[in-house]
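Okay, structure first, notes after.
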Amino acid sequence: MRSKGPLICVGSGLAIEALPALFSQFPNLHKVEINYSGWAPGNGSQIDNQGLRVLSFSLPLLNDLTLSFCSEINDSGLACLTNCKMLMSLKLNSTPEITSRGLLSLAVGCKTLSSLHLNNCKGIASSTEWLEHLGTNGSLEELVVKNCKGIGQYHFLMFGPGWMKLQKFEFENEQSFWSIFRRDRDPSYKAHTYRYDLLCEGLKDLRLVHIVTEPKGPEIGLRFLLGKCRSLEKLSLEYVSGLIDNDMIALSQTCKNLKSISLWLKPEHYNVGDDIIFRTGFTDESLKALALNCPFLQKC
């Protein structure tokens, strides 16, 4: 979602004490980006909870906010954003003090939120209350989660009816060094506990990175999306373990509007008859299915 209207970017060069005056001078701001990348103690203070509170009361038209490397903001500060009645898009990048509790207060208080990006937010634990609330009561059209250790692929199955409204979804699982050498099961995995009768026919843009699924079940995780997204136009699968030809064939039969597909595949060992073959999960059968069933495909 792209915001239209005045924009201001704030970084380490501006003293925190100057923020109230700055915001009061530009009350019509629609978009604010606050980025402390490369910040060091000698650069002065960062924006904190009180600063975020001032922002929320000073900018009544704010609809797009990005907070990057803001280590002084925690759940209390995030709760102040419920004063931003027009907030539609929020991006949190490397905000280590934000937890699931803060996301829940955001989900409850920000009724107009349609786009949420979470990147490298280490404090978010395994609670799914915020996802459940957004799925049941929210209006998210875009959800992007990257490298958040406490969020696993199976947690998104709790998003429930929210999948019907979603148009863009990205999930990039945090990869440890040892995962290069072994295939670890997703820590959010619990056998025989999930429902896959979810509707996601409005999803147009899907990207999955570094996730592990069970090729033959019983839990297939986010692989369930591949056979259900009838409106899908753009697909990117990067190092997704457990995929087989049947997944791509089901995708090609369902996603007739597919225009772009990107596959980054990691070879694995497969039992074929009495032999063990080292190859990717997809064979020529997958490519044939895409060629026959996806007439709008332009980029592969």
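Sorted largest first by accessible area at a 1.4 angstrom probe radius, with every protein chain in place, the residues Ser262, Ser94 fall in the order Ser262, Ser94.
Accessible surface for segment 17-155, divided over its residues, is 40 Å² per residue with a 1.4 Å probe. Overall, the anisotropy analysis places segment 1-151 in the oblate class: the square-rooted eigenvalues a ≥ b ≥ c of its C-alpha gyration tensor yield a/c not less than 1.5, with a/b not exceeding b/c. Taking all protein chains as shown and a probe of 1.4 angstrom, Tyr196 keeps an accessible surface of around 50 Å².
With each run of n ≥ 4 DSSP H residues scored as -39500 (n - 2.57), what mean residue ellipticity at 222 nm is computed for the chain after dividing by its residue count and rounding to the nearest 500 deg cm²/dmol? Display every interim value, and only then the final one.
Working: 7 runs with 61 residues, N = 300.
Theoretical 222 nm ellipticity from helices: -5500 deg cm²/dmol.
Note that segment 222-235 has calculated 3J(HN,Hα) couplings of 6, 4, 4, 5, 5, x, 10, 8, 5, 9, 4, 10, 9, 10 Hz, one per residue in order, obtained from phi through the Karplus relation 6.51 cos²θ - 1.76 cosθ + 1.60 (θ = phi - 60°); glycine and proline are x. The aspartates and glutamates within cross-link reach of Lys234, meaning a Cα-to-Cα straight distance under 12 Å and a gap of 8 or more places when in the same chain, are Glu170, Asp205.
Couplings for segment 54-69, taken from phi via the Karplus curve 6.51 cos²θ - 1.76 cosθ + 1.60 with θ = phi - 60°, read 4, 4, 5, 8, 8, 10, x, 9, 4, 10, 8, 10, 10, 10, 10, 6 Hz in order; Gly and Pro are left as x.
Taken as Cα centroids, segment 99-163 and segment 233-300 sit 29 Å apart, rounded to the nearest whole angstrom.
In the chain, carbon and sulfur make up what percent of the accessible area (probe 1.4 Å)? Please report the intermediate quantities before stating the final value.
Numbers: 7820 of 14710 Å².
About 53 percent, which is the carbon plus sulfur part of the accessible surface.
Rounded to the nearest 5, the antiparallel percentage of DSSP beta bridges internal to the chain is 10%. Scanning residues 5 or more positions from Gly123 or on other chains, those with amide H under 5 Å from its amide H are Ile98, with H placed 1.01 Å from N in the peptide plane. Can you work out the FRET efficiency for the pair Ser139 and Ser45, with r the C-beta to C-beta distance and R0 = 25 Å, to the nearest 0.05? Calculated value: 0.10.
At the residue level, Asp197 shows approximately 90 square angstrom of accessible surface with a 1.4 angstrom probe and all protein chains present.
When nucleic acids and ligands are ignored and a 1.4 Å probe is applied, Cys110 ends up with an accessible area of around 10 Å².
Would you count, across segment 1-157, every pair of lysines whose alpha carbons are under 22 angstrom apart, provided the pair is eight or more residues apart or spans two chains? For segment 1-157, qualifying lysine pairs total 14.
The values are calculated or read from the model by the stated rules, or taken from the named source; none is laboratory data. Just so it is clear, the structure is predicted and the values come from calculations on it, not from any experiment. Positions of Cβ are backbone-derived with ideal geometry, glycine not excepted, and every protein chain shown enters the neighbour counts. Surface accessibility is based on the protein's heavy atoms, side chains included, excluding ligands, DNA and RNA. Shrake-Rupley method; radii C 1.70, N 1.55, O 1.52, S 1.80 Å.
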